[in-house]
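**Q** Let me begin by handing over the structure; questions about it come next.
The values are calculated or read from the model by the stated rules, or taken from the named source; none is laboratory data. Note that the structure is predicted; figures quoted are calculated from it, not measured. So basically every Cβ, Gly included, is an ideal-geometry build from the backbone, and we count neighbours across all protein chains shown. Surface areas here come from the heavy atoms of the whole protein model, side chains and all, with no ligands, DNA or RNA. Shrake-Rupley method; radii C 1.70, N 1.55, O 1.52, S 1.80 Å.
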Amino acid sequence: MKFYMPVRLYDEPECVARHGEDLASLGRKALIVTGHKSAERNGALGDVCMALEMYGTEYCIFSGVEENPSVETVRKAAMRGKEAGCDYVIGIGGGSPIDAAKAAASLLKQQDPETADLYDASIPTEAVPVAAVPTTCGTGSEVTGVSVLTLHENKTKKSIPHKIFPTLALVDGKYLANAKLSMIVNTSIDALAHMMESYLSIQADAYSRALVIEGLKIWASVKDVLDETRPIDELDYGTLMRASTFAGMAIAQTGTSIPHALSYIVTYDDQVRHGPACGLFLSRFVKEAYEEDSTPLMEAAGFADTDAFDAWLMNLLKDITVRKETLQRAYDAVKEDARMNGTRVHMDAESLARIVQL
Ligand code: NAP
Ligand code: FE
């Protein structure tokens with residue numbers, strides 16, 4: 001068994017201010033990478049800037065990272081950082097800006113970020129330090145080495161081959177406080193998919209599975225917020241974030257599986273957001289698992305059985321539509337994917353067709 005988690009993690013209220021010195025001392029000048037507007041609105045950007053100013057660390061801001069960030073956007077961010085002389089990167093936001101921050105940190109080590117090949121696995125993994133401040137409760141990117149980018153030339157999304165873990169993760173549920181419930185639901189489904197896919201991976205071991213079971217219990221304590229049987233309250237924000245961070249730690253050990261592999265094409269072709277795109281396949285994937293594997297998952301997540309889970313999830317996703325030809329393209333791509341052999345779920349052409357519902 002192996003366990004690798006090199007991220008210094010603080011998960012507590014006001015952790016950006018409390019650990020401002022840690023954040024400010026990662027380098028001399030930070031490249032701050034954000035999405036469009038949310039980092040400013042939810043206060044995370046202000047908290048980060050204040051911490052850096054307090055300790056005299058310079059920064060420049062690259063904002064406007066789009067959902068499912070492209071390689072081109074990452075290049076632009078890295079160019080900005082290079083021109084400004086930044087020696088580390090702070091990603092603030094959902095998985096998109098944090099993943100973009102990791103990839104930009106790798107390009108900042110290259111002579112020419114405009115042309116360097118992010119997908120060249122033969123070059124050594126090198127990156128300037130990264131700090132992450134998550135503001136969604138789904139990807140766990142603050143504790144994974146993964147950076148998923150949109151590759152327009154391949155008409156899909158793909159992780160870069162280099163594992164770039166943040167040095168520091170500052171997790172504070174308060175950044176979720178003004179988010180729409182739909183964003184919280186969408187991203188919580190991603191966290192759920194991470195936990196279930198991780199548990200069913202052939203890479204899973206006692207360490208990663210412990211994170212999944214504990215993470216699912218945390219997730220289950222707020223699931224009635226997601227289906228609106230209870231209104232959200234202030235304490236829930238931290239709980240939602242914590243479930244996502246546990247899930248991130250689990251996939252950092254095992255990677256993701258079939259629902260994620262299928263989701264990339266669904267997101268690319270039909271613009272379905274990441275969490276729902278994974279969720280569409282998740283319950284049918286779990287149904288294909290051996291009972292000895294699915295039972296602990298259902299118990300920890302608070303579902304009577306896989307049918308009850310399927311009904312709950314499909315109700316949450318009832319407004320999502322995907323075209324038949326998109327499902328076919330996803331099926332065709334994943335049939336050849338290495339992840340078909342990376343799961344404890346018996347996968348063949350028939351089980352994949354049942355999961356995709358062709
Ligand atoms: P996201 O794409 O980062 O953001 C989605 C939307 O939520 C954006 O419009 C963003 O607005 C908004 N938003 C973010 N924080 C908010 C807040 N606190 N309040 C209100 N709105 C907020 O969403 P995500 O689901 O977190 O990330 C998805 C990406 O992560 C995908 O590319 C996926 O493939 C990747 N991913 C990575 C990993 C990993 O291990 N690295 C794992 C799973 C998924 P703004 O643009 O204004 O910020
Ligand atoms: Fe995900």
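**Q** Please indicate, with yes or no, whether at least one residue in region 20-37 is of a type in the set (S, T, N, Q), buried (at least 16 other Cβ atoms within 10 Å of the Cβ), more than 25 Å from residue 179 (Cβ to Cβ) and modelled with pLDDT of 95 or more.
**A** Just the residues of region 20-37 that are of a type in the set (S, T, N, Q), to begin with: 25, 34.
Okay, now just the ones that are also buried (at least 16 other Cβ atoms within 10 Å of the Cβ), so 34.
When the remaining residues are screened for being more than 25 Å from residue 179 (Cβ to Cβ), the result is none.
The answer is no, given that none of the residues of region 20-37 is of a type in the set (S, T, N, Q), buried (at least 16 other Cβ atoms within 10 Å of the Cβ), more than 25 Å from residue 179 (Cβ to Cβ) and modelled with pLDDT of 95 or more.
Yes/no per residue for (1) outside any helix (DSSP H, G or I); (2) of a type in the set (A, V, I, L, M); (3) within 17 Å of residue 66 (Cα to Cα):
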| site | (1), (2), (3) |
| --- | --- |
| 268 | no, no, yes |
| 272 | yes, yes, yes |
| 282 | no, yes, no |
| 294 | no, no, no |
| 297 | no, yes, no |
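**Q** Now for a different question. For residue 261, indicate whether it is closer than 25 Å to residue 157 by Cβ and either touching a Lys or Arg at 6+ places or on another chain (Cβ under 8 Å) or in a helix (DSSP H, G or I) (or both).
**A** yes
**Q** When residues of region 317-342 are filtered for being modelled with pLDDT of 95 or more and not in a helix (DSSP H, G or I), how many remain?
**A** Count: 8.
**Q** Among the numbered criteria (1) more than 17 Å from residue 149 (Cβ to Cβ); (2) at pLDDT 95 or above; (3) open to solvent by 20 Å² or more (accessible area, probe 1.4 Å), which one does residue 75 miss?
**A** Going through the list (1) more than 17 Å from residue 149 (Cβ to Cβ); (2) at pLDDT 95 or above; (3) open to solvent by 20 Å² or more (accessible area, probe 1.4 Å), residue 75 breaks only (1).
**Q** Among the residues of region 8-23, is any closer than 24 Å to residue 161 by Cα, hydrophobic (A, V, I, L, M, F, W, C) and touching a residue at least 12 places away in the same chain (Cβ under 8 Å)?
**A** The initial filter retains those residues of region 8-23 that are closer than 24 Å to residue 161 by Cα, namely 8-9.
If we keep only those that are hydrophobic (A, V, I, L, M, F, W, C) as well, we get 9.
With the extra rule that they be touching a residue at least 12 places away in the same chain (Cβ under 8 Å), the set shrinks to 9.
For region 8-23, residues closer than 24 Å to residue 161 by Cα, hydrophobic (A, V, I, L, M, F, W, C) and touching a residue at least 12 places away in the same chain (Cβ under 8 Å): present.
**Q** Hey, another quick one. Residues in region 83-101: is at least one free of Cβ contacts under 8 Å to residues at least 40 places away in the same chain and either open to solvent by 20 Å² or more (accessible area, probe 1.4 Å) or within 20 Å of the chain's Cα centre (by Cα) (or both)?
**A** Yes: one or more hits.
**Q** Another question, if that's okay. With respect to residue 113, is the statement that it is crowded, with 19+ Cβ neighbours inside 10 Å, away from ligand 2 (no atom under 16 Å from the Cβ) and at pLDDT below 95 true?
**A** yes
**Q** Now, a different point. Six or more apart or on different chains, Cβ atoms under 7 Å: show the pairs whose first residue is in region 247-265 and more than 7 Å from ligand 1 (Cβ to nearest atom) and hydrophobic (A, V, I, L, M, F, W, C) and whose second is assigned to a helix (DSSP H, G or I) and at pLDDT below 95.
**A** Final answer for the pair search is 258/339; 261/339.
**Q** If I go through region 219-258 residue by residue, how many of them are assigned to a loop (DSSP other than H, G, I, E, B), open to solvent by less than 20 Å² (accessible area, probe 1.4 Å) and either within 16 Å of ligand 2 (Cβ to nearest atom) or in contact with a strand residue (DSSP E or B) (Cβ under 9 Å, 6 or more places away or on another chain) (or both)?
**A** Final tally of qualifying residues: 1.
**Q** Output the number of residues of region 172-184 satisfying the condition of being buried (at least 24 other Cβ atoms within 10 Å of the Cβ) and more than 8 Å from ligand 1 (Cβ to nearest atom).
**A** Total satisfying the criteria: 1.
**Q** Same structure again: Which one is nearest to residue 94 (Cα to Cα) among residues in region 104-129 that are without any contact (Cβ under 8 Å) to a residue 12 or more places away in the chain and of a type in the set (A, V, I, L, M)?
**A** Among residues in region 104-129 that are without any contact (Cβ under 8 Å) to a residue 12 or more places away in the chain and of a type in the set (A, V, I, L, M), the one nearest to residue 94 (Cα to Cα) is 116.
**Q** Another one. Can you pull out the helices (runs of 4 or more DSSP H) entirely within region 1-89 that have at least 3 residues that are within 13 Å of ligand 1 (Cβ to nearest atom) and within 19 Å of residue 100 (Cα to Cα)?
**A** Here the list reads 38-41, 71-84.
**Q** Within region 162-182, is there a residue that is within 16 Å of ligand 2 (Cβ to nearest atom) and of a type in the set (Ser, Thr, Tyr)?
**A** Among the residues of region 162-182, not one is within 16 Å of ligand 2 (Cβ to nearest atom) and of a type in the set (Ser, Thr, Tyr), which makes the answer no.
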